[in-house]
Each structure stands twice: as C-alpha cells, then as structure tokens.
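Accompanying notes for the structure given below.
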Amino acid sequence: MKKLLLLFIALTLNSVQAQEVKTLTYFQNDTLKLDLDLYLPKKKAGEKIPLIMFAFGGGFSGGERTSEKDFGKFMDQNGYAVASISYSLYMKGKDFGCKGTLTEKIKAIQIGVSDMWQATAFLIENADKYNLDTSKIFISGISAGAEIGFHASFWDYKLMNLYKSNLPENFKYKGFIGGSGAIQDINLITKEKAIPMLLAHGNNDDTVPYAAGSHRSCPTNASGWLILFGSYAVYNQMNDLHKDIELITFCGGGHEFSGYLFHEGQKYVLDFVNDVLNGKKFQSHLIVPSNKKGKDSGKYLFCE
C-alpha cells in the first residue's frame, strides 16, 4: 500500500511538472507592468521547442491572459510552448463601438500589437533559458487578440512599433491562428509577407466582419466607423496569392464562434502547426452548416 501511495505521488508530481506554467514579466516601466504565462512541455535536453504566442479577446477593454489555460495545457502536452500575454487595455472605460473615436480605436490596436512585439522579443532574448526555437514562433488570438495577430504579422514593424526596435531584423512569424479577427488593409498581405494561416469565423458576425465591412456594423456616418477585412476576405487574398490558408466558416454563426479554435477546435490548431512545420501545402475551406439564418446568409452560396 505504501509503495502504491509513493507511486501515486510521483505520478502526480510528474503531471504537475509537465503542466507547469511560468509567469514572467516581459515589460515594465514606472507606470506599466505586463506579464505572460509560459506553458512549457517536457523536452529532452537540447531539443528546441516551437512557440505559439497568444492574445485574448475583449475589445481592448477587458479579458485576461489566463482565460485559455486549457489551450495552453493541450498544446504543451503535444510538444508546443504557449505564451499567453497580457497587453494594454487602452479602450477600458472608452467606447470601442460606433460612437467611439476612430483614431482611438486604431491606437488601441497599435498599442496591443506593440505589446505583442515586446513579448515576442522578450522570449527570443530568453530563448536559450526556456529552450525555445526562435525560427518556429507562431502567433494567435481571439477577436481583438486576432486583430493583434493580424497586424503584428503584417504591419511595418519599424513604422508602427511604439517601443524600442527589439525584434531581429526581418523577423517573421511562422504562421497565424485567428478566431474571428480582421485586418485594416488587405493589401498588407502580399506574396512576400504572407504566412500560413488557420482562420475560423461565423459569416453573420456583426462585431468583426467576416468579409470586408465596418467594425461593429457601424454606419458610414458614425464617428467610430472603421473598415476591416475579415477572415473570408483574407482567405480570398491568400488564394489569389497561392499561399497556404485554411478557413473554417460557421454558416449563420456570429461572433460567438471567435474562441472555437482554442476550445472545441484545438485539434485543428495542432494539425495546422504540425503541417506547417512539416512543410505541407494546403488551401482549404471547411464549411460548417447551421440552421441559423442571418442577414448575410444569402450572400454566400456555400451557406445555402
């Protein structure tokens, strides 16, 4: 009985060790302290670990980095490190909707992106300490976090970074995983800058447009009117460029599917990162039918 108890304790300690989360401060000044949670898998000595950067959703006014613990644990159990970051919630107490100020909305994204770049640079600088493979860094996010991911991948780093230049010259993320995200300018996605993507989006999302449309479905005379290009627009752009893209469309679905890839769809993420690292080429569109009908359902023949 005593031996069984000791074996149980040993197995429990090993399990805890395999799922250890390190909380690290990646940026701090007199007024701001930003942390990240680093989920690390157990690896053999000298074996470098691919890394997935993650940004939570919440309209740049709410949310927290601990919201996707299950995703971090799932990926670390499958050999990937995950860094779930805190970032500046610039819109907290402000209107991020139609009555907001356009420049403030763009500034919120820019600050969040700069924080993501800071977190990425911090982990690159400390890669040896945590055994990370700096040539295999993916970026991911939900909703506002996916907007951070899009812009961190395609904005001009030297032009848009608000902090010191601390990423390696010509740094490029290995791939992007986005739930219900969008980018401000589709033309930023070029043949030279394109990276493999896995995207999921409901085609009736009235918060973040599925194709090209206004953020929060705002009318053109609204002070917070902002045109964004969502997952379907990006999918078409990537197809035109003959670049690797996987899109999951939830027909009739809205913004409630923004977290799908990091909850029910974690296996899609695992397959995606494995495929990218194995050099597999792909262009696919998975259509998930639904009984839900929304204002945009008739626009897409594949959803009829």
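The values are calculated or read from the model by the stated rules, or taken from the named source; none is laboratory data. On a predicted model such as this, the values are computed, not experimentally measured, just so you know. For neighbour counting, all protein chains shown are included, and Cβ atoms are generated from backbone atoms with ideal geometry for every residue, glycine included. Ligands, DNA and RNA are stripped out before the accessible areas are found, and what is left, the full protein with its side chains, is counted by its heavy atoms. Shrake-Rupley method; radii C 1.70, N 1.55, O 1.52, S 1.80 Å.
Of the residues making up the range 192-246, those that are outside any loop (DSSP other than H, G, I, E, B), on the phi > 0 side of the Ramachandran plot and surrounded by fewer than 17 Cβ atoms within 10 Å (Cβ to Cβ) number 1.
None of 122, 150 is within 15 Å of the chain's Cα centre (by Cα) and assigned to a helix (DSSP H, G or I) except 150. Residues of the range 28-73 that are surrounded by 12 or more Cβ atoms within 10 Å (Cβ to Cβ) and β-branched (Val, Ile, Thr): 49, 52, 66.
Taken over the range 175-196, the criterion of being touching an Asp or Glu at 6+ places or on another chain (Cβ under 9 Å) and within 30 Å of residue 264 (Cα to Cα) is satisfied by 175, 178, 180, 181, 182, 183, 184, 194, 195, 196.
Look at (1) among the acidic types (Asp, Glu); (2) closer than 26 Å to residue 277 by Cβ; (3) surrounded by fewer than 22 Cβ atoms within 10 Å (Cβ to Cβ) and you find that residue 95 fails only one, number (2). Apart from one condition, residue 134 fits all of (1) buried (at least 22 other Cβ atoms within 10 Å of the Cβ); (2) assigned to a strand (DSSP E or B); (3) not aromatic (Phe, Trp, Tyr); the exception is (1). Checking each residue of the range 167-181 against the condition of being outside any loop (DSSP other than H, G, I, E, B) and surrounded by fewer than 17 Cβ atoms within 10 Å (Cβ to Cβ) gives no match.
If the condition is being open to solvent by 50 Å² or more (accessible area, probe 1.4 Å) and of a type outside the set (D, E, K, R), then the range 152-166 contributes 159, 162, 163, 165. Tell me whether the range 152-174 contains one or more residues that are among the hydrophobic types (A, V, I, L, M, F, W, C), touching a residue at least 12 places away in the same chain (Cβ under 8 Å) and under 17 Å from residue 260 (Cβ atoms). Looking for residues that are among the hydrophobic types (A, V, I, L, M, F, W, C), touching a residue at least 12 places away in the same chain (Cβ under 8 Å) and under 17 Å from residue 260 (Cβ atoms), one finds none in the range 152-174, hence no.
Filtering the range 188-209 to residues that are touching a residue at least 24 places away in the same chain (Cβ under 8 Å), out of contact with any Phe, Trp or Tyr (no Cβ under 8 Å at 6 or more places or on another chain) and within 30 Å of residue 170 (Cβ to Cβ) leaves 190, 191, 194, 208. Quick check on the range 261-281: of everything there that is in contact (Cβ under 8 Å) with a residue 60 or more places away in the chain and not in a helix (DSSP H, G or I), which residue is most open to solvent (accessible area, probe 1.4 Å)? Checking each candidate, the answer is 263. Filtering the range 247-260 to residues that are open to solvent by 40 Å² or more (accessible area, probe 1.4 Å) and under 20 Å from residue 274 (Cα atoms) leaves only 260. Would you check if there is a residue in the range 87-108 being of a type in the set (Asp, Glu) and either at positive phi or assigned to a helix (DSSP H, G or I) (or both)? Yes: one or more hits.
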